[in-house]
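Have a look at the structure below before the remarks.
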Amino acid sequence: MAPESREFALSPQNEFRFELDPGETLSLKLLTGRAELYGAELPQERTYTFASEYKGAVFTWHGCTLEMRHASTEYVAEETPMVSYLNCHIASEQMRVRSSIARRHGIGNQTQAPRVLMLGAENSGKTTLCKILLNYALRAGQSWSPLIINLDPLDGAWTVPGTLSASHFTSPVVVTSADNPFGTTATSAPGSLSFAGLLPLVFWFGHIDPKHNLDYMRRLISALGAKVDQHYQDYPEFSASGIFIDTPAAFANPNQSPGQSIEKYALIGACVELFRVNTIIVMGNEKLTVEMQKRFADSRHGVSVVKVPRSGGVVDIDAACRRRSVARQLRGYFYGARHALRGEREEDSDFDPEATLAPTSSVVSFDGLHIYRIGEESLAPSSALPIGAPRAISTTQPIVVDPSSPMHQSRLLNGVLALLGPSALSVVQNDLSQLLECSVAGFLVITAIDQDQRTMTVLAPSAASVEGRIAILGSIEWVEG
Amino acid sequence: MTAAMYQHPGYGQPDYPQQRYPPQQFMPQPGVPLYAQYYAYDPAAFYAFYRDQLRQLVQNSRPVIQQLTQLAIENLGLMGQVVTDSIADYIRNAPVPVKLPAFYLLDSITKNCNPYVSLFAPIVKDLFLQATRTVDPQTRQKLCEMLVTWRNGGPNQTPLFGDKVQVAIEREIWPESDSNRYGRRRHGQSCPTQSQVLTELEVLLALKEKAVQDTPYDGELRGQMDALFQLRNMVQASGVTPNELAEILTSVRSLAKSIGAPAAPPSHVPSAPAVPYGAPQQVPFFQSQPSTTRASVMHSDLSASLASLAKLAAPQPAQSTATTAAAAPSAIPDISSLFKSLVAAGIVPSAGSGAAPAGVTSQGDQKSETSPVTDSELEETLEYERRVLAIDIKLTSADLMKERPEVISLLYDRQTTQCKQCGLRFHDNAKGKKAFQDHLDQHFRQNNRTNQQMGRGYSRSWFIEADDWVHDGLPDTGDRLHEHNVSRSDEVAAKKRKELERSFVVIPPGEDTKPRFCPICKEQLKTEFLEDEEEWVWRNAVEHKSTIYHATCRADALSATLANRLRTETKGSSRAVTPEGRSGTPQLQVGNVKSETNGSTAAAGAKRKAEDDDDAVDVHVKVEEVEPPLKKARPSIN
């Protein structure tokens, strides 16, 4: 019954890498020795089954034997940047320890804790390094609880794409699908392991590419920064654990899109200021390292800028694969996705509570849900406007979307909406422009529009009335399939 | 090995002469702590390492001093001189407030490990005198008190650093009492100064206080202490003649000896470095002074506590006189009778009997509270911190390429218990076992639920509101949603509440006359003058967005929002908008909503919906309008 298995013997500091194509799965078991999956130690004699186009690497400091079933593209690499990554960890661990000692003696100074910004091109391993550093920190047994901030809207992190979000972690993360590299957000299922029950703070950008609207991006970063700041003021005991910030490739490669007023590296500068970054890690880009050192390694910012090598195991993800990943993340948000820590016996059946979530579909009248979008959908470049003429609509102005207008309907159908929290209602009454800074309560998808009845069918993650609430439309669409 | 390996520029010691310690052969030894493997054979590295450790010593902290002492003792063999230099440099360069704890460390090391005495003896005088010249009078007083303990800090009540050193230092500190030698009968003409007598009195009092702690019901000890307090009071009143001062000093010294003898058995300190120095041979001085703040409290409350002590002193004399009569030939003096004679002479007014010595007992209680039993966990943390900080690393691309096997060991070998299900490691101590047990429970619940409750419709929870997230102090979701450890959280809550009640906000200048009201409970904020801060403050107060709240009220309001959120989440429903809560929203319409749920959740969903309306969760938006919850808002979830 069991498919043929192969054993791999890894020497110390080797890495077993594998890449799965759609529909493929791969089972791995640590037989002897010690090994880790992105910084999280693997137990022996436990089978992990990877799926959904997972590109993974099991690394060993000590040497180990692995048993593998269901072959795919796999190989053993002898050169890895893990020494550098481990050293990054110990450097940040020292900052944590110093900060913690300082707090214990009442001479607390938050800036000592590691606040690390990852920069690098697309597919350079930023998220992976974030995860390794996170997992190493959580293995220290010092009750650290680092904050991961995801600023890359392409990478859904623990939720769906198009978001900027932050979440605390308390236990190492092991996932076996490529979709949510940091685990998933909380469900109503009780007693979830912590990385299957994250309680993040989520803001909605609504687009995959940050360059779609850099001004909006900046507003969101400052909103997130303000909340993180407040959070650490209220709970300074967590601040010693530090922050890791994952960024989109657009930060490191600032080709301006036309008509946007933001200067080069402005978003990096905003991050450094707002999150009080004290360390910038650049993934193998010499020029960017030097530019960052020029800008931020001065006495005013006092940021350490360091370059680490890119892993040779990083896989270039193509657009089609990204699209599939986006669709899987959205599906996972509504219907759940299985994750790693399942016993072997459940492997073949499908009753993982987190993997079988039940969303709610309900019919809402056109007036029942207040839908906005941010900024004009396709802005003409400033140069195309009459000389001296100001824009009629700014890039960050909320605009009402009318479901009864046929033009808007085509955008709404299958569109992903971010449902804002209840507090957004008072914001709309007072100052509409503050709508951008409201956090998200969840996501909706409009699955049908009935022009005659003036109703829409809305898919929501769980049963609750969306009547009278506010939602923001982006450019992300999802068709259940 | 190249010379470059001995340079550790990361520790910022440019002026440290590298050639002082020639490189030695690295000889790994089994059973030696890991940090030692890498540092105990390289003097320059160890110097940098120990110096870095010393930086933890920024205030009088007993665990830090103990840890540093232990480290010094462990490395005496090869690194004794390095430790000595490191401490001496630290004392010389330390900012004024740090000098005192640094000396306490020196005191602790030399009293616990005799071979260090010979290392410190040549330099201690200069160190001490230089320090006393720079520090403020209060710290100087503390240093002098320590100096007094050195007098019989050595084996067999001899001076810790030997006669010559002790005399030389004392001569500089108290030049007037030149002829007044420690431990010898004084000569008739000597005139000790007031400050010297006071210093010695303080030391004796500290010793007595310790003794009282050991035998709390010893009435005689109590009596002696009371008398000593009286004496101190008298001397401070500065109406005492030089002759009387001299007499008091003599009594104090012989009394000190009588205490010192039983407290410190005549332990012969071995001089061979091979002998382990685990057990303390002498009580290091810092232990009698757990914190500088306590010491300052003692000073400020002096007059008050003395007043009550004076009252207590009166019923004691009978017993004390009896002791005196019996012990007349011995060295133990009759303090009480001395005191009585002073009273008779009219120097001190006698007082009536009555109140208990509240000051002393409460101080004693505080002290016993400050030494909790969780030492081993703390040790574990300290040990970890030491090992982490001992690693020499700089954030440069080149330095990041170096291999550091000790870091791998930190990740893998330090924690021995491993969860077989997920690979997470735990410590092999009480705390670690508890954490492991909780962790296994979590796995069990997860697996159990997977097996039993298949087919039940769960759904993705809504995200929490930004303000809730900000005030959400508990990132560990699994435990929180369950609340299975209620008793522990009650304890924590009580502790937290006490902390809140202690919190204060300094009243800005000009604001002190206006009454302020807490926006939550509408009651007036209490004002109070804090002696330590020398400021008028609002008690139990906290400032948020330039509004002053009662700290407890605000915490209640915040946890009420959290409780509400938890209640909604646990019911599996959402933070739905409630019609009641939104009465002011004109857009709200009850449209033709019908709910169709997918598959098995239909019934559950409809039921939950009915409950939704009870949850008005918008508390945090306008905290001012919130009624204070009547009871501690902690969700009781079954």
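What residue, of B:L400, B:L389, is in contact (Cβ under 8 Å) with a residue 40 or more places away in the chain, crowded, with 16+ Cβ neighbours inside 10 Å and in a helix (DSSP H, G or I)?
Answer to the check: B:L389.
Of all residues in the range A:1-34, count the ones that are touching a Gly at 6+ places or on another chain (Cβ under 7 Å) and not in a strand (DSSP E or B).
Of the residues in that region, 2 qualify.
Do we find a residue being at pLDDT 80 or above and more than 7 Å from chain A (Cβ to nearest Cβ) anywhere in the range B:441-456?
So far as the range B:441-456 goes, yes, one or more of its residues are at pLDDT 80 or above and more than 7 Å from chain A (Cβ to nearest Cβ).
Going by what's in this entry, would A:D431 be described as touching a His at 6+ places or on another chain (Cβ under 6 Å), in the same structural domain as A:G368 (by TED's automatic domain parsing), surrounded by fewer than 20 Cβ atoms within 10 Å (Cβ to Cβ) and modelled with pLDDT under 90?
When the stated conditions are applied, A:D431 does not pass them.
Does the range A:302-335 hold any residues that are under 21 Å from A:T176 (Cβ atoms), within 11 Å of chain B (Cβ to nearest Cβ) and either touching a helix residue (DSSP H, G or I) at 6+ places or on another chain (Cβ under 9 Å) or of a type outside the set (S, T, Y) (or both), and which are they?
Hits for the range A:302-335 are A:G332, A:F334, A:Y335.
Can you report the number of residues in the range A:233-244 which are farther than 14 Å from A:V277 by Cα and either more than 7 Å from chain B (Cβ to nearest Cβ) or in contact (Cβ under 8 Å) with a residue 60 or more places away in the chain (or both)?
The number of residues fulfilling the criteria is 4.
Just to verify a result, which residue in the range A:35-51, among those that are in a loop (DSSP other than H, G, I, E, B) and surrounded by 20 or more Cβ atoms within 10 Å (Cβ to Cβ), is farthest from the other protein chains (Cβ to nearest Cβ)?
Across the range A:35-51, the extreme among qualifying residues is A:Y38.
Can you give me the number of residues within the range B:403-415 that are at the interface with chain A (Cβ under 7 Å from one of its Cβ atoms) and not in a loop (DSSP other than H, G, I, E, B)?
Of the residues in that region, 4 qualify.
Output yes when any residue across the range A:207-230 is among the acidic types (D, E), over 13 Å from the mean Cα position of the chain (by Cα) and either part of a helix (DSSP H, G or I) or within 11 Å of another protein chain (Cβ to nearest Cβ) (or both), and no when none is.
The answer is yes; a qualifying residue exists.
Of everything in the range A:436-481, what is more than 25 Å from the chain's Cα centre (by Cα), assigned to a loop (DSSP other than H, G, I, E, B) and of a type in the set (S, T, N, Q)? Give them in sequence order.
A:Q451, A:Q453, A:S465
Can you spot a residue in the range A:373-396 that is at pLDDT 80 or above and aliphatic (A, V, I, L, M)?
Yes - at least one qualifying residue is present in the range A:373-396.
Output the residues belonging to the range A:52-82 that are of a type in the set (A, V, I, L, M, F, W, C), closer than 25 Å to B:M401 by Cβ and either surrounded by fewer than 19 Cβ atoms within 10 Å (Cβ to Cβ) or without any contact (Cβ under 8 Å) to a residue 12 or more places away in the chain (or both).
Passing the criteria: A:V76, A:A77.
In the range A:417-426, is there at least one residue being at the interface with chain B (Cβ under 8 Å from one of its Cβ atoms) and either part of a helix (DSSP H, G or I) or of a type in the set (K, R) (or both)?
Yes, the range A:417-426 contains at least one residue that is at the interface with chain B (Cβ under 8 Å from one of its Cβ atoms) and either part of a helix (DSSP H, G or I) or of a type in the set (K, R) (or both).
Kindly list the number of the only condition in (1) open to solvent by less than 40 Å² (accessible area, probe 1.4 Å); (2) touching a residue at least 40 places away in the same chain (Cβ under 8 Å) that fails for A:Q94.
Status for A:Q94: all satisfied but (2).
Just one of the numbered conditions (1) within 8 Å of chain B (Cβ to nearest Cβ); (2) outside any strand (DSSP E or B) is not true of A:Q409; which one?
(1)
Just one of (1) buried (at least 16 other Cβ atoms within 10 Å of the Cβ); (2) at pLDDT 85 or above; (3) more than 7 Å from chain A (Cβ to nearest Cβ) trips up B:Q418, so point out which.
(3)
Given the conditions (1) open to solvent by 30 Å² or more (accessible area, probe 1.4 Å); (2) at the interface with another protein chain (Cβ under 8 Å from one of its Cβ atoms); (3) among the basic types (K, R), which single one is not true for A:R104?
Among (1) open to solvent by 30 Å² or more (accessible area, probe 1.4 Å); (2) at the interface with another protein chain (Cβ under 8 Å from one of its Cβ atoms); (3) among the basic types (K, R), the lone unmet condition for A:R104 is (2).
Restrict the check to the range A:145-163 and report whether at least one residue is among the polar types (S, T, N, Q) and surrounded by fewer than 24 Cβ atoms within 10 Å (Cβ to Cβ).
yes
When residues of the range B:109-135 are filtered for being in contact (Cβ under 8 Å) with a residue 40 or more places away in the chain and open to solvent by less than 20 Å² (accessible area, probe 1.4 Å), how many remain?
13
Can you find a residue that is touching an Asp or Glu at 6+ places or on another chain (Cβ under 9 Å) and open to solvent by 20 Å² or more (accessible area, probe 1.4 Å) anywhere in the range A:213-220?
Within the range A:213-220, one or more residues are touching an Asp or Glu at 6+ places or on another chain (Cβ under 9 Å) and open to solvent by 20 Å² or more (accessible area, probe 1.4 Å).
Quick one: A:L341 ticks every box in (1) over 25 Å from A:P248 (Cα atoms); (2) aliphatic (A, V, I, L, M); (3) modelled with pLDDT under 90; (4) touching a Pro at 6+ places or on another chain (Cβ under 8 Å) bar one, so which box is it?
Evaluating A:L341 over (1) over 25 Å from A:P248 (Cα atoms); (2) aliphatic (A, V, I, L, M); (3) modelled with pLDDT under 90; (4) touching a Pro at 6+ places or on another chain (Cβ under 8 Å) leaves (4) as the failure.
Take the range A:77-99 and flag every residue that is more than 14 Å from every other protein chain (Cβ to nearest Cβ) and either at pLDDT 90 or above or not in a strand (DSSP E or B) (or both).
Answer for the range A:77-99, where residues must be more than 14 Å from every other protein chain (Cβ to nearest Cβ) and either at pLDDT 90 or above or not in a strand (DSSP E or B) (or both): just A:E78.
The values are calculated or read from the model by the stated rules, or taken from the named source; none is laboratory data. Bear in mind that the values here come from a model prediction, so they are computed numbers and not experimental data. Virtual Cβ from ideal backbone geometry, glycine too; neighbours counted across all protein chains shown. Accessible surface areas use protein heavy atoms only, side chains included; no ligands, DNA or RNA. Shrake-Rupley method; radii C 1.70, N 1.55, O 1.52, S 1.80 Å.
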